[in-house]
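Report on the following structure.
The values are calculated or read from the model by the stated rules, or taken from the named source; none is laboratory data. These numbers come from a predicted model, not from an experiment. For neighbour counting, all protein chains shown are included, and Cβ atoms are generated from backbone atoms with ideal geometry for every residue, glycine included. Please note that ligands, DNA and RNA were not included when accessible areas were found on the heavy atoms of the full protein model with its side chains. Shrake-Rupley method; radii C 1.70, N 1.55, O 1.52, S 1.80 Å.
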Amino acid sequence: MTTYEHTSATRTLGSTGPTVFPLGLGCMGMSALYGEADRAESLATLHAFLEAVPDGTGALLDTGDFYGMGHNELLIAEALRTAPAAAREKALTSVKFGALRTVEGGFTGYDGRPEAVKNFLAYSLQRLGRDHIDIYRIARVDPDVPIEETVGAIAEAVQAGHVRHIGLSEVGADTLRRAAAVAPVSDLQIEYSLISRGIEEEILPTARELGIGVTAYGVLSRGLISGHFSRDRALAPGDFRGMSPRFQGGNLDRNLDLVEALRKVAEEKGVSVAQTAIAWVLAQGPLRRADIVPLVGARRRDRLEEALGAMRVELTAADLAAIEEAVPAGAAAGERYPAAQMAHLDSEH
């Protein structure tokens, strides 16, 4: 695995957040929602990511306490425990909390009460085997609890030393302002990709106005625009994509047509479709601002190596124009979540 030792290989999450490697590793798929994962390969991928990040730079590991009902946090803890000390010191943990689950794996809502924040935090610290979490955020806004109360509870955890930075997830501009009025917010985690560009109109400008960074998940739209997904691919039982509107019927056909248009641009540059899509997101947080950190959901070392290669892709103005022509804003078919989950997105209201 290559170590990316170059001066541009850092980005800062907002005006108050940590300095991190330009790509973060989204760990959800190692435990949930994409079918069974290979545990040994997941651990090897986590180690490879830590190895790829230069010494002295934060290696952002993104998880949620509800990914596999704690499985993901325990997996990360094992990876950190078995990594060399120098690699372990780079790790920065970003944890989402608040999702309520059933034994069968269902989701029943979100709990953002201050006492719940303290409870979720205690369990995460235990599972991760750490004395603090670097960035802590509720996964979705609890509609029954003012965001000021939830953020205030995280701010108390910051004061106590159990959390380093406050984050948010999938919130709209108004909620972002209300939260930032309570305490400094390092970053907003939200879906952002070539085919999910809803943040550009209001949310991203508001985040920049407030000095809040963005950790962008879904940069490959759950593999849809990776260049590796095909119309006839069989999905494993429990794979989220089996319910995702963008992977259904005519929507899938339309979206894969967009991928083929993007493939032509990628081939002209001699890079992969996935690298082109990731490089596009990186380019939306240019060096003069550098406030967007894409999260790549690699579960295998080969996919991680491909994603890291996006950092070497330099997109010219002509390249960006060609990408925009291949995948225009708003061209994707289907919502990014099923209707029941879209209802939980403050960012879509």
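Hey, could you check the range 111-141 for residues that are without any contact (Cβ under 8 Å) to a residue 24 or more places away in the chain and of a type in the set (A, V, I, L, M) and say which is surrounded by the most Cβ atoms within 10 Å (Cβ to Cβ)?
Applying the filter and picking the extreme gives Ala116.
Do we find a residue being outside any strand (DSSP E or B) and aromatic (Phe, Trp, Tyr) anywhere in the range 221-236?
Yes.
Is one or more of the residues making up the range 237-244 open to solvent by less than 40 Å² (accessible area, probe 1.4 Å), in contact (Cβ under 8 Å) with a residue 24 or more places away in the chain and acidic (Asp, Glu)?
Yes, the conditions are met somewhere in the range 237-244.
Just one of the numbered conditions (1) farther than 16 Å from Phe21 by Cβ; (2) open to solvent by less than 10 Å² (accessible area, probe 1.4 Å) is not true of Val281; which one?
Checking Val281 against (1) farther than 16 Å from Phe21 by Cβ; (2) open to solvent by less than 10 Å² (accessible area, probe 1.4 Å), the one that fails is (1).
Scan Arg303, Arg263, Arg299 and give me the residue that is under 25 Å from Gly64 (Cα atoms) and in a helix (DSSP H, G or I).
The conditions single out Arg303.
Could you tell me which residue of the range 54-91 is nearest to His344 (Cα to Cα), considering only residues that are open to solvent by 30 Å² or more (accessible area, probe 1.4 Å), outside any loop (DSSP other than H, G, I, E, B) and hydrophobic (A, V, I, L, M, F, W, C)?
Across the range 54-91, the extreme among qualifying residues is Leu74.
Please go through the range 314-349 and pick out each residue that is at positive phi and exposed (fewer than 14 other Cβ atoms within 10 Å of the Cβ).
Gly330
Looking at the range 296-340, which of its residues are closer than 19 Å to Glu191 by Cβ and among the β-branched types (Val, Ile, Thr)?
Val296, Ile323, Val327
From the list Asp232, Asp142, Asp131, Asp174, exactly one residue is modelled with pLDDT under 95, over 15 Å from the mean Cα position of the chain (by Cα) and of a type outside the set (Lys, Arg). Which is it?
Asp232
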